[in-house]
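Asker: Pasting in a structure now, in structure tokens, and then I'll have a few things to ask.
The values are calculated or read from the model by the stated rules, or taken from the named source; none is laboratory data. Here the structure is a predicted model, which means the values were calculated and not measured. Cβ: placed from backbone, ideal geometry, glycine included. Neighbour counts: every protein chain shown.
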Amino acid sequence: MIIEQGLFRGESRHVRFNFSHADFVAAFESYVAGGHGSLPKELLIYAHELTHAICYATTPYGLFLHYCRDAQARIVGSLVKTLLAHDKKPVPPLLATLPALPGETGQHVATWLSMWLNIEFLVTQLSNIPKMHENLLRRVQSECLEVHPPLLPISETIWGVQKTIANNIDYENTQRTHHNLPLWDQAGFDHHVIDEAIRTMSPSFDRSLERAEELLLLLENPWSVDAILESAAMASEFTRSGMNLDELRAWVAAPCDPALAVYRSCLQRGLEVIPATDLPQFLFSYLALCELCLFAPLLPQHAALRGPGFPLEQLLPVTRFQRLLGAAENISPMLEIRDHARYVTDLCQHLGWVHPLQIISTAVRGAEVVADPRAQVYINAQRFRGRNLSCYLDATSLVLETSAYGASLRDSCTFIVVEHTDKTIFHHDTVYLKAMTIQHLFSQMMRCIVLGSDFRVASPYRCDDHERHVLTIMLRESLQNAFGFDFLMAQVV
């Protein structure tokens, strides 16, 4: 049986380790005192999971996933409000129990459900998670199909959801401005470009690209987003492993349990194409390639960077990874981490892609403070990147960093809750911790209403009955504020 040494959850930003906090501190102090050699396993595992946190918290891909989940939660909110207005209580799973409503209201309900399902399929396709995609497809086919409009091609969904996200943020900003509250999120969207993309979408090339992506998904593509993320986390571990390039090649090529292939498949492709002559050259070039894979102009804030007729291939992470691998064969690898900007520029110029600095500038010139906690983390991260593009590339350095700058940099992407075997550590900013926790619980409850069997959601971290009760009260209060209805059946378990 394979035992996970660390487990990071992207949607909740929580992590669990199978070693004690005391052992982690001892390993850290011992390494810092010694100042050389390979990292102790506790620090390697921490760096591995921190790499995942960086990928989710600081990239356009991670923020886009949040925007999609937020849009789905708002859609479910509209469905719940409509049902309550018609004296009908929502009964999970709404996918099967949603009652038929008359006239224009019924049409709105059908449209909202269609939007929710299409966004769900978009997320499974972007993430390239075969089991998640297959389970959802089977479930849609088995439920009451008369209330389910046909699913749209990915290009129609991805352009349509841009408008949905932009409208949601504009609405929240307007409401909060009216009440003299901070903006919910950065806006300033180019609605003309967003509308034009919808009007002129889906050229034949994009259709063939969609079919190729769908085929990869069905064939359980070994280079999925999950594999890309795991390989990046492994690359972070190897930066202080003491290995050389030949030893890494041998490790990647060695037989392993099939369940562990996800850690090696993408690294193997990287070793085949990146013309590195030593281990640091390869690892930092590969980490830069993985980060660039997730740095697509995916957000509605990037509409002006995309322009009309923007190719879908620049937005899909798995396709971006394949294109980057092809380009890497023709680009000199990074000589050191300070060579990062040159390497990324060469790759983008070779591919004709939007450069990360253009994406970063979109966030840097917008509002500095917003109310959405996940958007705030993303904005903070781009301000750090604007000063040093490679600042998140070496997660092991972030783990070891003790300076004030290093602490603030690590704080901009770190975990919300860290579970060790002997204790649980919560983020020091209690306002941020509460906002992130409530947002996660509310989003999970909205998913339970559509897909679950009851109104129970799992606690994002290990806790006792008292803590679960506190989380339950927080969830019920957020539901009461949203719907004006006492969800006494809602419970955190």
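Asker: Only one of 296, 327, 303, 341 is part of a loop (DSSP other than H, G, I, E, B) and of a type in the set (A, V, I, L, M); which?
Answerer: Checking each option against the conditions leaves just 296.
Asker: Also: Give the residues of the stretch 236-258 that are farther than 25 Å from residue 391 by Cβ, aliphatic (A, V, I, L, M) and assigned to a loop (DSSP other than H, G, I, E, B), sorted by residue number.
Answerer: Result: 254, single match.
Asker: Let me ask something else. Which of the numbered conditions does residue 254 fail, given that it passes all the others? Conditions: (1) touching a Ser or Thr at 6+ places or on another chain (Cβ under 7 Å); (2) without any contact (Cβ under 8 Å) to a residue 24 or more places away in the chain.
Answerer: Checking residue 254 against (1) touching a Ser or Thr at 6+ places or on another chain (Cβ under 7 Å); (2) without any contact (Cβ under 8 Å) to a residue 24 or more places away in the chain, the one that fails is (1).
Asker: Quick check on my filter: what residues within the stretch 325-342 are in contact with a helix residue (DSSP H, G or I) (Cβ under 7 Å, 6 or more places away or on another chain) and over 17 Å from residue 394 (Cα atoms)?
Answerer: Once the filter is applied, which keeps residues that are in contact with a helix residue (DSSP H, G or I) (Cβ under 7 Å, 6 or more places away or on another chain) and over 17 Å from residue 394 (Cα atoms), the stretch 325-342 yields 325, 327, 328, 329, 330, 331.
Asker: Something else about it: Look at the stretch 358-390 and say how many of its residues are of a type in the set (A, V, I, L, M, F, W, C), buried (at least 18 other Cβ atoms within 10 Å of the Cβ) and without any contact (Cβ under 8 Å) to a residue 40 or more places away in the chain.
Answerer: 2
Asker: Are there any helices (runs of 4 or more DSSP H) wholly within the stretch 39-120 with 2 or more residues that are at pLDDT 95 or above and under 21 Å from residue 440 (Cβ atoms), and if so which?
Answerer: 41-58, 60-85
Asker: Scan the stretch 298-321 for residues that are under 19 Å from residue 275 (Cβ atoms) and surrounded by fewer than 18 Cβ atoms within 10 Å (Cβ to Cβ) and report the count.
Answerer: Summing the residues that are under 19 Å from residue 275 (Cβ atoms) and surrounded by fewer than 18 Cβ atoms within 10 Å (Cβ to Cβ) in the stretch 298-321 gives 0.
Asker: Going through the stretch 10-68 one residue at a time, which ones are surrounded by fewer than 21 Cβ atoms within 10 Å (Cβ to Cβ) and polar (S, T, N, Q)?
Answerer: 18, 20, 30, 38
Asker: May I pose another question? Just checking, which of 109, 80, 76, 91 is buried (at least 19 other Cβ atoms within 10 Å of the Cβ) and in contact with a Ser or Thr (Cβ under 7 Å, 6 or more places away or on another chain)?
Answerer: Checking each option against the conditions leaves just 109.
Asker: Does residue 393 satisfy being within 30 Å of residue 304 (Cα to Cα), assigned to a helix (DSSP H, G or I), touching a residue at least 24 places away in the same chain (Cβ under 8 Å) and not β-branched (Val, Ile, Thr)?
Answerer: no
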